[in-house]
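Presented below is the structure to which this report refers.
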Amino acid sequence: MGLFRRIFGSGAPEGFTGALDADENVLASAAVGAEWLVATSHGLWLPDPGQPGPRRVGWHLISKATWSGNALSVVEAVEDGTAGTAVVLRDLPPQRFPLESPGKVPEVVHERVTGSIKSREHNGTVGAWFVQRKVAGRDGVVLQVRPDPGVDVEHVRKVAASVAAKIGKLRG
C-alpha cells in the first residue's frame, strides 16, 4: 500500500467493501440505497445483488451509460470469445441505478466510457460495430466487435479476425 493511501485512505466512501487495486483511484461515488456505485480509474464498481459485495466493470466493457432523471443506466458487455486478436462482445440487459445525490458520477462515467474509445465504426454490410478501446492498466488498444442482433455471428467472427490481422500488420 502506498504512503498516500496509508495517510489519506483510498478515497472510497465509508461502507464500500470493494477491494481496490493498489494503483486504482476513486474518482466519484454515489449511494445506491445502502450500497455504493463507485467510479475509479479502472472501472465502475456496481452493487451486485447476487454477490456479497460490489463488482468492478472495466470502462472498456461498458457499452452504454446514460443519465436520466435521477438514475444512471448502464449496459455492460461480456466477452463472448475471440476472432483472431479481436474480442467479440455481447451486451447484457441494461441495469438502472437510482442515485439520490449523484455528485460527479454521471460526468465521470461519461468521460471515462467515451475516453476509452479510440475509434468506432458500424459496418452495415457485416452487421457489427468495430470499436478500438483502451483498457485501463494495459498498454495499447483492443479491437472489440459487437454483432448486431440477428446476424450470423460466425461470419462476423471471420471478418473481425481479418480486420484484426490487418490492424496488427499496420501496427507492426
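Scanning the stretch 91-125 for residues that are open to solvent by 60 Å² or more (accessible area, probe 1.4 Å), part of a loop (DSSP other than H, G, I, E, B) and either closer than 16 Å to Leu44 by Cβ or in contact (Cβ under 8 Å) with a residue 60 or more places away in the chain (or both) yields Pro94, Glu100, Ser101, Lys104. Among the residues of the stretch 126-157, those identified as assigned to a helix (DSSP H, G or I) and surrounded by 13 or more Cβ atoms within 10 Å (Cβ to Cβ) are Val153, His155, Val156, Arg157. Residue pairs whose Cβ atoms lie under 6 Å apart, separated by 6 or more positions or on different chains, with the first residue in the stretch 147-172 and basic (Lys, Arg) and the second open to solvent by less than 100 Å² (accessible area, probe 1.4 Å), are Arg157/Ala83.
Does Ala34 fit the bill of being among the aliphatic types (A, V, I, L, M), touching a strand residue (DSSP E or B) at 6+ places or on another chain (Cβ under 9 Å) and closer than 19 Å to Pro98 by Cα?
Working: among the aliphatic types (A, V, I, L, M): yes; touching a strand residue (DSSP E or B) at 6+ places or on another chain (Cβ under 9 Å): no; closer than 19 Å to Pro98 by Cα: yes.
No; evaluated as a whole, the condition is false for this residue.
For the stretch 47-62, residues that are small (Gly, Ala, Ser) and either in contact (Cβ under 8 Å) with a residue 40 or more places away in the chain or closer than 18 Å to Asp21 by Cβ (or both) total 2.
The values are calculated or read from the model by the stated rules, or taken from the named source; none is laboratory data. What you are looking at is a predicted structure, and each value in this text was computed from that prediction instead of being measured. Methodologically, a virtual Cβ is constructed for each residue, glycine included, from the backbone with ideal geometry; neighbour enumeration extends over all protein chains shown. What goes into the accessible areas is simple: the full protein's heavy atoms, side chains included, and nothing from ligands, DNA or RNA. Shrake-Rupley method; radii C 1.70, N 1.55, O 1.52, S 1.80 Å.
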